Amino acid sequence: MKHPLIAGNWKMFKTIPETVNLINIIKAGVHKITDCDIVVCPAFTTLAAVSKEIEDTKIELGAQNMHYETEGAFTGEISPLMLKDVRCRYVILGHSERRQHFKETDELINKKVMAALKYNLVPILCVGETLEEREARHAFEVVKQQFDRCLKNLKAEEVARVVIAYEPVWAIGTGKTATPEQAEQMHSYIRRLLNEQFGEEVGEKVYILYGGSVKPDNIAQLMAKPNVDGALVGGASIKAESFIQIVSNASSKEAANAPNR
Ligand code: PGA
């Protein structure tokens, strides 16, 4: 049985002292919760500090991006090897903010996913449609194209190690969450793509997270859906109390739903 997976994307927020403060409050707030996998993804400059603080806990560390090469003349970039060095286990790839502001393409993201797997990092691959695309009824087509291109040339056993985050762009940082039904529709579609292309064993194994204005008061309804395995949380993850509440609400829902999965 899968535990819910709750990942916090701290984006470009917090200095080292602020980060240490945040992680310590989170640590204290979640230490009794054993049935939820927790990942925090701080900014690069604070990864080492957070890594040290969570050494003796079950909280895992993730980065928000990386380059696909091991090393080289790529000024300003961070490699998978460097993420391993600070004990990252996860890396967010293809976040819509990277696609939008830094022009990341599916082809580039595909290279990054392959590099992450090579270094035993778990890619949290983000997919999702814009409001325009949803209104034009292209949401499923857009997500399928991102899915196909970002997972291109991957073997089934590699895909089994990927986490997919469905993040409708119109729901990110807007306060507009997808309804649990909208999320479930897309999650079950992604599950079907996984089953069809990589086999049911892989489909069952892969975590599909929902992201976009997740809050303490909507996580339980989202988690109640059979294909929602967890959440990628932005804004609400950098406020200790709301992140703790999200983790706690997600794990109690898991217990209530246990017979369904
Ligand atoms: P949000 O961000 O929770 O602030 O909407 C989610 C994300 O960007 O991963």
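The values are calculated or read from the model by the stated rules, or taken from the named source; none is laboratory data. What you see is a predicted model, and the numbers here were worked out from it, not measured in a lab. Here the Cβ is made from the backbone with ideal geometry for all residues, glycine too, and neighbour counts use every protein chain on show.
If a residue has to be in contact with a helix residue (DSSP H, G or I) (Cβ under 6 Å, 6 or more places away or on another chain) and touching a residue at least 40 places away in the same chain (Cβ under 8 Å) to count, how many in the range 122-138 make the cut?
Result for the range 122-138: 6.
Just to be sure I understand, how many residues within the range 65-101 are aromatic (Phe, Trp, Tyr) and within 14 Å of the ligand (Cβ to nearest atom)?
So the count comes out to 1.
Taking the range 12-34, which residues are within 16 Å of the ligand (Cβ to nearest atom) and either at pLDDT below 95 or surrounded by fewer than 18 Cβ atoms within 10 Å (Cβ to Cβ) (or both)?
Listed by number, the residues that qualify are 12, 13.
For residues in the range 2-11 being at negative phi and out of contact with any Cys (no Cβ under 7 Å at 6 or more places or on another chain), which is modelled with the highest pLDDT? Reasoning before the result, please.
Step one: list which residues in the range 2-11 are at negative phi, which gives 2-10.
Those left that are additionally out of contact with any Cys (no Cβ under 7 Å at 6 or more places or on another chain): 2, 5.
On the way: 2: 87, 5: 98.
Only one residue tops the list, namely 5.
For the structure I just gave you, tell me whether residue 188 is of a type in the set (S, T, N, Q) and closer than 23 Å to residue 95 by Cα.
On the way: of a type in the set (S, T, N, Q): yes; closer than 23 Å to residue 95 by Cα: yes.
Taking the combined requirement at face value, the residue satisfies it.
Residues are listed down the side, and each one gets a yes or a no for (1) farther than 19 Å from residue 197 by Cβ; (2) among the β-branched types (Val, Ile, Thr); (3) over 19 Å from the mean Cα position of the chain (by Cα):
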| site | (1), (2), (3) |
| --- | --- |
| 109 | no, yes, no |
| 116 | yes, no, no |
| 131 | yes, no, yes |
| 143 | no, yes, no |
| 147 | no, no, no |
| 153 | no, no, yes |
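Filter the range 65-115 for residues that are in a helix (DSSP H, G or I) and basic (Lys, Arg); which is surrounded by the fewest Cβ atoms within 10 Å (Cβ to Cβ)? Walk me through how you get there before you give the answer.
To start, the set of residues in the range 65-115 that are in a helix (DSSP H, G or I) comprises 80-85, 96-101, 106-115.
Those left that are additionally basic (Lys, Arg): 84, 98-99, 111-112.
On the way: 84: 13, 98: 18, 99: 20, 111: 16, 112: 24.
Top of the filtered list is 84.
Take the conditions crowded, with 19+ Cβ neighbours inside 10 Å, over 15 Å from the mean Cα position of the chain (by Cα) and at pLDDT 95 or above and apply them to residue 218. Does it pass?
Judged against the criteria, residue 218 is a match.
So which pairs qualify, if the first residue must be in the range 228-247 and farther than 11 Å from residue 215 by Cα, the second must be in a strand (DSSP E or B) and more than 10 Å from the ligand (Cβ to nearest atom), the Cβ gap must be under 8 Å, and the two must be at least 6 apart or on different chains?
From residues that are farther than 11 Å from residue 215 by Cα, the pairs are 228/208; 229/5; 229/208; 230/5; 230/6; 230/37.
Filter the range 31-59 for residues that are of a type in the set (Val, Ile, Thr) and in a loop (DSSP other than H, G, I, E, B) and give the result.
33, 34, 54, 57, 59
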